[in-house]
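Asks: Quick one: the structure is below, and I'll ask about it shortly.
No lab work stands behind these numbers, since they all come straight from the coordinates. Remember, predicted model here, so these are calculated numbers, not experimental data. So basically every Cβ, Gly included, is an ideal-geometry build from the backbone, and we count neighbours across all protein chains shown.
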Amino acid sequence: MNIIQVGRNNFDQSPRTHSPRRASDYVTIALFLLPAVVLFVLFLIYPIGRSIYYSLFNWNGLGAATKFIG
């Protein structure tokens, strides 16, 4: 075996043996991703949205943000 044969991939010669995904596979994938998405929204997206909201008001940090300053 020479060096050209060692570095060559045999992906072109392998037959495609995968089957299409079933609906239950998508449900399983969604259930595994759900905790990560919830944590992402809870600890990243929500605080960013609230900080944008509070930046539009003259807010002292304790009461309700009522005076809109744009």
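Asks: Determine ³J(HN,Hα), in whole Hz, for all residues of region 17-22 in sequence, where each value follows from phi through the Karplus function 6.51 cos²θ - 1.76 cosθ + 1.60 and θ = phi - 60°; x replaces Gly and Pro.
Replies: Along region 17-22, the couplings run 10, 7, 9, x, 6, 8 Hz.
Asks: What is the spin-label model distance, in nm, from residue 42 to residue 21 if the labels are put 7 Å beyond Cα along the C-beta direction?
Replies: Each label point lies 7 Å from its Cα, and together they span 2.5 nm.
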